[in-house]
Amino acid sequence: MTSRTARRSVREFVRSVADGEIHPASIPSIVLSARDRNPGPVFTSISRERIEAQVRELEKGGGGRGALRGLPISVKDLMDVAGECTGCGSRRVMESAAPEARDAAFVERWREAGTLLVGKTHLNEHAYGITGENPWLGDCTIPGDPGALTGGSSSGAAASVLEGSSWIGLGTDTGGSLRVPASLCGLVSLRAPGWFGDHRGTRPLAPGFDTLGWIQRWLGDVEFVARAVIHDPVGDLHERGVPTRLGWMTGSLLDGCDPAVLGAFDSLRVRMQQAGLAVDVVPADGLSNAADVFAMLQAREAFGVHQVELASDPESYSAPVRGRLEWGGALGEAELRQAAAERARMVSQLDGLLEGGRVLMLPAAPMTRLLAGADHSRTRRQILTLTTPASLGVYPVLTIPDELLGGRVRVGFQFIAARGAEWRLVELSTRLAEWAAC
């Protein structure tokens, strides 16, 4: 794949396919040449034959006829794709899985938009992790930087976009699984629970917290992609014409951030204010235990999902995942009631901060790099401190890398909106892309 093709935006790529500049028959080579240049474990399955079969359908006039016609995308291996096995990053599941009869509902939505499914991507085991490590698949590292992990659990989704084999990576986000790899890989992500409520065919981790969304490279593409997949914005809580106020969050929630991350976050606030954007300083005290509350409630839900398999074959789970599941099963009812009450308190606090159309800003990761092969036993808690406030309220979140907002630090920032306000974030993405380009 030429560097020119690799750097094309979503809009440019689909236009080039429509205009004949990129012939559909060349798409498999574009995809696979990008894949071949990156030795890391990005895909759990990828097949030239399957891609070519979709191209032939496209050339015959079949397949989806939407605005993303011909666009290569990847699918996290937690979602069913017709004719392929869903492995969930699990040794037990990968050994026993049979090909699925139909696509997951989320995958169907993207098929209808005309995309080409390149393959199934790497993830943390059962999506129960945040680093991109997997003992059965190998650890997913950043293309071009093999000493650094992508973050997870939508690790392969990010890596596929970064290496250029996909323009969109479909993923899930329970505790930060889209936001963290987007941050560490310098990509954009959108988790959109209000848009994608049908989880049929997507394997659960913690159903009360699981959300769907995607990762992509360019900020200016977000609205184009969203309008291609979401045809009717009716029901969005965003009030048209109401200017978005940005809330720059401060306080103990940021105590675990590296100095480079704090510096980039402060610099972003200054740049925005100098450009005339409305940015309020919002204290975030009272949210610093969100990670602990989330971890308990998530573990209990995940135990419910895996209880039978865990009892029958505990050794098929890696030690970290098995430990979290067993802890979830051992939690007492009094502990869970207290955690639920704390969740309700924090969500009420966040709901108040989001009133009036405000969008809250936080770093999406407390560090700029996760070293491959290092001890990350404490990393999970450190990261979840920043991501779980939005997870507790099941809010939509747009993640934007500092580098696309005029900065120089490899970190992404969360833009958190009220439930149902996905279109507010989409419109904000367009405004910020225009602002950063000035």
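Can you go through 183, 177, 160 and tell me which one is part of a helix (DSSP H, G or I), more than 25 Å from residue 14 (Cβ to Cβ) and of a type in the set (S, T, N, Q)?
Just a single option satisfies the conditions, and that option is 183.
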Next on the checklist: I'd like the full set of residues that are farther than 21 Å from residue 205 by Cα and of a type in the set (A, V, I, L, M, F, W, C), limited to the range 114-150.
Outcome noted: 116, 117, 118, 142, 148, 149
Checklist entry - Does the range 387-403 contain at least one residue that is under 17 Å from the mean Cα position of the chain (by Cα), within 13 Å of residue 183 (Cα to Cα), part of a helix (DSSP H, G or I) and outside the structural domain of residue 188 (by TED's automatic domain parsing)? => result yes
Checklist entry - Could you say which residue among 380, 337, 343, 369 is outside the structural domain of residue 124 (by TED's automatic domain parsing), of a type in the set (Lys, Arg) and not in a helix (DSSP H, G or I)? => result 369
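Per-residue answers, yes or no, for (1) in contact with a Pro (Cβ under 7 Å, 6 or more places away or on another chain); (2) farther than 22 Å from residue 196 by Cα:
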site: 109; (1), (2): no, no
site: 116; (1), (2): yes, no
site: 120; (1), (2): no, no
site: 131; (1), (2): no, yes
Next on the checklist: What's the number of the only condition in (1) in contact (Cβ under 8 Å) with a residue 60 or more places away in the chain; (2) in a loop (DSSP other than H, G, I, E, B); (3) crowded, with 22+ Cβ neighbours inside 10 Å; (4) not β-branched (Val, Ile, Thr) that residue 87 fails to meet?
Outcome noted: (1)
Checklist entry - When only residues in the range 101-139 that are under 16 Å from the mean Cα position of the chain (by Cα) and part of a strand (DSSP E or B) count, which is farthest from residue 379 (Cα to Cα)? => result 120
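So is residue 404 among the hydrophobic types (A, V, I, L, M, F, W, C), at pLDDT 95 or above, under 16 Å from residue 187 (Cα atoms) and touching a Leu at 6+ places or on another chain (Cβ under 7 Å) or not?
Working: among the hydrophobic types (A, V, I, L, M, F, W, C): yes; at pLDDT 95 or above: yes; under 16 Å from residue 187 (Cα atoms): yes; touching a Leu at 6+ places or on another chain (Cβ under 7 Å): yes.
When the stated conditions are applied, residue 404 passes them.
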Next on the checklist: Against the condition at pLDDT 95 or above and closer than 16 Å to residue 209 by Cβ, how does residue 325 come out, does it pass?
Outcome noted: yes
Checklist outcome for this item: Among residues of the range 302-315 being surrounded by fewer than 18 Cβ atoms within 10 Å (Cβ to Cβ) and not hydrophobic (A, V, I, L, M, F, W, C), the residue farthest from residue 95 (Cα to Cα) is 304
Checklist entry - For residues in the range 208-230 being more than 16 Å from the chain's Cα centre (by Cα) and in a loop (DSSP other than H, G, I, E, B), which is surrounded by the most Cβ atoms within 10 Å (Cβ to Cβ)? => result 230
Next on the checklist: I want to confirm something. Restricting to the range 257-279 and keeping residues that are at pLDDT 95 or above and not in a helix (DSSP H, G or I), which single residue is surrounded by the most Cβ atoms within 10 Å (Cβ to Cβ)?
Outcome noted: 257
Item to check | Members of the range 160-171 that are out of contact with any Phe, Trp or Tyr (no Cβ under 9 Å at 6 or more places or on another chain) and in contact (Cβ under 8 Å) with a residue 60 or more places away in the chain | outcome: 163, 164, 166
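Per-residue answers, yes or no, for (1) modelled with pLDDT of 95 or more; (2) farther than 20 Å from residue 216 by Cα; (3) touching an Asp or Glu at 6+ places or on another chain (Cβ under 8 Å); (4) β-branched (Val, Ile, Thr):
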position	(1), (2), (3), (4)
26	yes, yes, no, no
32	yes, no, no, no
48	yes, yes, no, no
57	no, yes, no, no
74	yes, no, no, no
84	yes, yes, yes, no
90	yes, yes, yes, no
99	yes, yes, yes, no
Next on the checklist: Looking at the range 363-374, I want the residues that are closer than 22 Å to residue 138 by Cα and have a partner that is among the hydroxyl-bearing types (Ser, Thr, Tyr) and part of a loop (DSSP other than H, G, I, E, B) with Cβ atoms under 9 Å, at least 6 apart or on another chain. Which pairs are those?
Outcome noted: 370/131; 370/150
Next on the checklist: If the requirement is being outside any loop (DSSP other than H, G, I, E, B) and in contact with a Gly (Cβ under 9 Å, 6 or more places away or on another chain), which of these qualifies: 56, 92, 65?
Outcome noted: 56
Checklist entry - Of the residues that make up the range 129-151, is at least one closer than 17 Å to residue 180 by Cβ and out of contact with any Gly (no Cβ under 9 Å at 6 or more places or on another chain)? => result yes
Checklist entry - Within the range 33-71, can you find the residues that are buried (at least 18 other Cβ atoms within 10 Å of the Cβ) and closer than 23 Å to residue 146 by Cβ? => result 34, 35, 38, 40, 41, 42, 43, 44, 46
Next on the checklist: Restricting to the range 140-185, name every residue that is more than 12 Å from the chain's Cα centre (by Cα) and on the phi > 0 side of the Ramachandran plot.
Outcome noted: 144, 164
Checklist entry - hydroxyl-bearing (Ser, Thr, Tyr), surrounded by 24 or more Cβ atoms within 10 Å (Cβ to Cβ) and assigned by TED's automatic domain parsing to the domain that holds residue 52 - does that describe any residue in the range 95-104? => result no
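The values are calculated or read from the model by the stated rules, or taken from the named source; none is laboratory data. Bear in mind that the values here come from a model prediction, so they are computed numbers and not experimental data. Quick reminder, even Gly has a Cβ in these numbers, built from the backbone with ideal geometry, and neighbours come from all protein chains shown.
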